[in-house]
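Reviewing the structure listed below.
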Amino acid sequence: MSGGGTETPVGCETAQGGGSKKRDSVGTAGSAHLIIKDLGEIHSRLLDHRPVIQGETRYFVKEFEEKRGLREMRVLENLKNMVHETNEHTLPKCGETMQDNLSQVLQRLQAANDSVCRLQQKEQERKKIHNDHLIASKKQHLLQWEDFMKEQPNKRAEVDEEHRKAMERLKEQYAEMEKDLAKFSAF
């Protein structure tokens, strides 16, 4: 069927030399049955690929599952190796590095804390001096205000006295002016 040699019919015996009974009786019912059977086999081999595909599918699934299982095993093995290396090498190294750097960080933090405390103390002293100065200024202003208010009645009395004297001078001046005016109006 597909080669270049002699082909043997499927499901039939080959007759070499003389004729065979099966080959000679082509027109009988048994031979028709054999021909149909042969045609069915030919048809299934040439056109019906389900058994082959099913076999290939089973093979592929089997290989896929085996490869997947091997791949998962490799992934798990890699994870196990990574965890082991982390536990054995990386964690101790990180712990040592952290201890070394942590002491330096602690010293730096302590120095920064001391600096902040000094700055805060200076700021509190500056605020205290400023508040003391404000309180002293306020007291001084209150004393000045009290002195000012004590002087007010005296100054008011002086101003009132000056005003009274000025009023008397003006009255005297107007009285003289009226006298002078009365002298001139008599003419």
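For segment 100-110, 3J(HN,Hα) computed residue by residue from phi via the Karplus equation (6.51, -1.76, 1.60; θ = phi - 60°) reads 4, 6, 5, 5, 5, 5, 4, 5, 5, 5, 5 Hz, glycine and proline entered as x.
In the neighborhood of C94, defined by Cβ-to-Cβ distances under 14 Å, what is the net charge if each Lys or Arg adds +1 and each Asp or Glu adds -1?
-3
Given 25 °C and 0.890 mPa s, how large is the Stokes-Einstein diffusion coefficient of segment 31-130 in µm²/s, with Rh as the Kirkwood radius over Cα pairs? Estimated via Stokes-Einstein, D reaches 111 µm²/s. Between R68 and I53, the contour length at 0.36 nm per residue exceeds the Cα-Cα span by 3.3 nm.
Taking label points 7 Å from Cα along the Cα-to-Cβ direction, F60 and H133 give a separation of 9.2 nm. The residues packed around K139, meaning those with a beta-carbon under 14 Å from its beta-carbon, carry a net charge of -2 if Lys and Arg are +1 and Asp and Glu are -1. The modelled label-to-label distance between R169 and Q120, using points 7 Å beyond Cα along the C-beta direction, is 7.0 nm. Projected onto planes of every orientation and averaged, the convex hull of the alpha-carbon atoms in segment 83-187 covers 16.0 nm². Spin-label pair D160-Q110: with each label point 7 Å from Cα along the Cα-Cβ axis, the two points sit 7.7 nm from one another.
If N is the number of residues in segment 93-136, what value comes out of its Cα radius of gyration divided by 2.2 N^0.38 Å? Don't skip to the end; give the middle numbers.
Details: Rg = 18.8 Å, N = 44, 2.2 N^0.38 = 9.3 Å.
Segment 93-136 yields a ratio of 2.03.
Taken together, the values in this text are just the output of simple stated rules run on the coordinates, not laboratory data. Predicted, not measured: the structure shown is a model, and the values here were computed from it. Here Cβ is always computed from backbone atoms with ideal geometry, including for glycine, and neighbour counts include all displayed protein chains.
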